[in-house]
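For reference, the structure discussed in these notes is given below.
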Amino acid sequence: MGEALRPGRWLLYAVLIGFAGFTLLPLVVVLLNSFRTAVEITRTSVIGWPAGLAWQNWTTAWSGYCIAQRCEGIQPYMVNSFLLVIPATILSTALGAIAGYSISLWRFRGDNIVFAIVVMGVFLPEQMKLIPWALVLRDLGLSNTISALVLIHTVQGMSFTTLFCRNYYIGIPPDLLKAAKVDGAGYFRTFWRIILPISPPIIIVTVIWQFTGIWNEFLYGVTFTTGAQQPVTAALIAIATTPATDLVEYGIQSAAVILAALPTLLVYFLGGRYFLRGLTAGAIK
Amino acid sequence: MRRRLADFLPLLVIWLPLLINVAHVVGFTAWTTWLSFTSSDLLPEYDWAGLRSYNAVLRSENTVVAYINLVLYGVGFVGLTTLAGFVLAVLIDQRIRAENLLRTIYLYPLAVSFVVTGTAWSWLFNPAQGIQKFVRSLGWADFRFDWIIDRDLAIWTIVIAAVWHGTGFAMALFLAGLRSIDPDLHKAAQIDGAGPARYYLRIAAPTIWPVAISVLVILLQFAIKTFDLVRAMTGGGPGIATTLPAVVVYDFMFQRAQLGRGSAAAVLLLLSLVAVLLPYYLYAHWRARRERAAHG
């Protein structure tokens, strides 16, 4: 094929590189702006090379910028997001692995229906769950807490994690389990001794998927928390809609945007292979 | 009795979380649907008001604009993303240099939240600070790119940002599909003297069309659910020019505190989703059955 295309090969690279430019544009623009002063950006435009390195944008964005009358920067909201994403990711992955194992390898009456509902949970819009969650959280006394978001993301996340793990475990040869049963291993021992040791690939995929999804989630965060309890996505919206005084602090806001995007970008660049696998596992089914 | 409890506890550990998940999917859907038939306002009421909320929602201008926007945005976003994803996948499949680098670049938007995506693109689209001002500063004094403040064109800025976010995903799935084609088919086509255009249109495309359908459905269901991107980019404006069904639900529920109407709008959102997913499910079911039949 390569031979036949050779005359048009420059065009091929032009298209590929052109689209790469389009993809990189927002990242590059925001990154450059994070080193430019607000005065500089307002005088020219958001697209431009930094005249100097305005490092103070980063320190202000991190711990000094005023977001909704609190002048502590983005740091407390980043902390909130970590307090939310770490337990929710661990819990939803662990519970999903057990549930996926139960559904795929311990057949029971109605397991197909249970699995169908799990899949429905993946597609169900969050909007269908907002009012019930609000009422349940109020009754549990969890209104406006990070624990509430952990609970929501654990329960909802199980739809994804169970689906992923079930699709992985369903490929395990039944003979392996029969052997375990002959040896007298029960539910937990089989899980511990046979299933868990072969699970790292799917566990990594699931953890990456959950971490990215929960970190980036916005609707629940903005609906169920206010002020100091909000995760970073909700705080970012508050930054961008902070009443514009005479000067919009694009430089500081750009640094805040990068900081908020950094955890999931790092996960992507470090675990890219697994990231992609999660996508295809979720999609081609 | 103690033995009973010892038997019972592990079962609880195993099944309770799954039970809660299943109950929340079914129960919350039923709960919201129920509320949509009540006269709930600021607080939930459990009476019967028939289709009153649905009438109000369907008559509201926001809903009409949102669904017209959804059609424009859905067609624009899904069409462009699928097309760009397929073209990129075919180009990457040409044994190019730096494949890994390019793939990494195309896919990174997927790791970025819609809040970040929308914020960054809203700066670029802002005529007073973004691309328009930049191009003008280069000397093209009457260059105009002010779609984001134009009622008729603003929805297309959302389309561009969403295409930016989703193309890598479509590319990755198409590329996986192309790579899964039997290499012998490729060789046979070459021996027959089929050029690359012929190979991709006549041999590759028919083989990977199930992938294409998956891509279309996933993008479409995502389009129906789009909320964060609009909130971050335009807040639904100018006016209500870029509002979408998911935004309308939120407005009814939490801006106007009309829980009954918000629930009705949410049920309508779910129905549009079902309209997309049900045919796909039936198709997938049909295909699986046909494959089973084919393999005996």
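The values are calculated or read from the model by the stated rules, or taken from the named source; none is laboratory data. Treat the numbers as computed from the prediction; the structure is a model and nothing was measured. When we count neighbours, we look across all protein chains shown, and the Cβ atoms used for this are built from the backbone with ideal geometry, even at glycine.
Things worth noting here:
- Within the stretch B:114-139, the set of residues being more than 17 Å from A:T23 (Cα to Cα), within 13 Å of chain A (Cβ to nearest Cβ) and outside any helix (DSSP H, G or I) comprises B:N126, B:P127, B:A128, B:Q129, B:L138.
- Hey, B:A30 among the small types (G, A, S), surrounded by fewer than 21 Cβ atoms within 10 Å (Cβ to Cβ) and facing chain A (nearest Cβ under 10 Å) or not: yes
- Yes/no for B:L9 being within 12 Å of chain A (Cβ to nearest Cβ) and at pLDDT below 95: yes
- Test set (1) outside any helix (DSSP H, G or I); (2) within 8 Å of chain B (Cβ to nearest Cβ) - A:L247 fails condition number: (2)
- Selection status of A:G52, within 14 Å of another protein chain (Cβ to nearest Cβ), modelled with pLDDT under 95, surrounded by fewer than 21 Cβ atoms within 10 Å (Cβ to Cβ) and in a loop (DSSP other than H, G, I, E, B): no
- Every residue from the stretch A:41-63 that is within 21 Å of B:N126 (Cβ to Cβ) and in contact (Cβ under 8 Å) with a residue 24 or more places away in the chain: A:I41, A:T42, A:V46, A:A54, A:N57, A:A61
- Out of B:A89, B:A98, B:A111, sole residue that is at the interface with chain A (Cβ under 8 Å from one of its Cβ atoms) and modelled with pLDDT of 90 or more: B:A111
- Check on B:G195, out of contact with any strand residue (DSSP E or B) (no Cβ under 9 Å at 6 or more places or on another chain) and surrounded by fewer than 18 Cβ atoms within 10 Å (Cβ to Cβ): yes
- Residue that is in contact (Cβ under 8 Å) with a residue 40 or more places away in the chain, over 30 Å from A:S63 (Cα atoms) and assigned to a helix (DSSP H, G or I), where the choices are A:L95, A:L84: A:L95
- Of the criteria (1) closer than 15 Å to A:P87 by Cα; (2) out of contact with any His (no Cβ under 6 Å at 6 or more places or on another chain); (3) buried (at least 18 other Cβ atoms within 10 Å of the Cβ), which one A:T145 fails: (3)
- Candidates B:I218, B:I181, B:I131, B:I213, filtered to the one that is among the aliphatic types (A, V, I, L, M), at pLDDT below 90 and farther than 17 Å from B:N69 by Cβ: B:I181
- Against the test of being without any contact (Cβ under 8 Å) to a residue 60 or more places away in the chain, more than 8 Å from chain B (Cβ to nearest Cβ), under 22 Å from the mean Cα position of the chain (by Cα) and surrounded by fewer than 22 Cβ atoms within 10 Å (Cβ to Cβ), the options A:L140, A:L151 yield a single qualifying residue, A:L151.
Each row is one residue, and each column tells you yes or no for (1) at pLDDT 95 or above; (2) at negative phi; (3) hydroxyl-bearing (S, T, Y).
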site: A:A179; (1), (2), (3): no, yes, no
site: A:Y187; (1), (2), (3): no, yes, yes
site: A:I194; (1), (2), (3): no, yes, no
site: A:S199; (1), (2), (3): no, yes, yes
site: A:G227; (1), (2), (3): no, no, no
site: A:P231; (1), (2), (3): yes, yes, no
site: A:T242; (1), (2), (3): no, yes, yes
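- The residues on offer are B:V163, B:V64, B:V71, and the sole one that is touching a residue at least 24 places away in the same chain (Cβ under 8 Å) and among the hydrophobic types (A, V, I, L, M, F, W, C) is B:V163.
- Restricted to the stretch B:74-93, and to residues there that are free of Cβ contacts under 8 Å to residues at least 60 places away in the same chain and over 20 Å from B:I224 (Cα atoms), the residue that is farthest from the chain's Cα centre (by Cα) is B:L91.
- Residue count for the stretch B:202-227, restricted to those that are surrounded by 13 or more Cβ atoms within 10 Å (Cβ to Cβ) and over 30 Å from B:T242 (Cα atoms): 7.
- Residue check, B:V276 surrounded by fewer than 22 Cβ atoms within 10 Å (Cβ to Cβ), of a type in the set (V, I, T), farther than 12 Å from A:M128 by Cα and touching a residue at least 12 places away in the same chain (Cβ under 8 Å): yes
- None of B:T117, B:T157 is surrounded by 16 or more Cβ atoms within 10 Å (Cβ to Cβ) and in contact with a His (Cβ under 7 Å, 6 or more places away or on another chain) except B:T117.
- Test result for B:A266, under 21 Å from B:R231 (Cα atoms), under 17 Å from the mean Cα position of the chain (by Cα) and either touching a residue at least 24 places away in the same chain (Cβ under 8 Å) or surrounded by 10 or more Cβ atoms within 10 Å (Cβ to Cβ) (or both): yes
- Checking A:I214 against (1) modelled with pLDDT of 95 or more; (2) within 30 Å of B:T38 (Cβ to Cβ), the condition it does not meet: (2)
- B:S272 vs. criteria facing chain A (nearest Cβ under 10 Å), among the polar types (S, T, N, Q) and under 15 Å from the mean Cα position of the chain (by Cα): yes
- Lone qualifier among B:T243, B:T234 - being modelled with pLDDT of 95 or more and hydroxyl-bearing (S, T, Y): B:T243
- Enumeration of residues in the stretch B:67-86 that are among the small types (G, A, S), crowded, with 19+ Cβ neighbours inside 10 Å and away from chain A (no Cβ under 12 Å): B:G74
- Here A:V122, A:V79 are screened, and the one residue that is surrounded by fewer than 17 Cβ atoms within 10 Å (Cβ to Cβ), assigned to a helix (DSSP H, G or I) and touching a Ser or Thr at 6+ places or on another chain (Cβ under 8 Å) is A:V122.
- Residues that are closer than 15 Å to A:I172 by Cα and not hydrophobic (A, V, I, L, M, F, W, C), drawn from the stretch A:90-111: A:G100, A:Y101, A:S102, A:S104, A:R107
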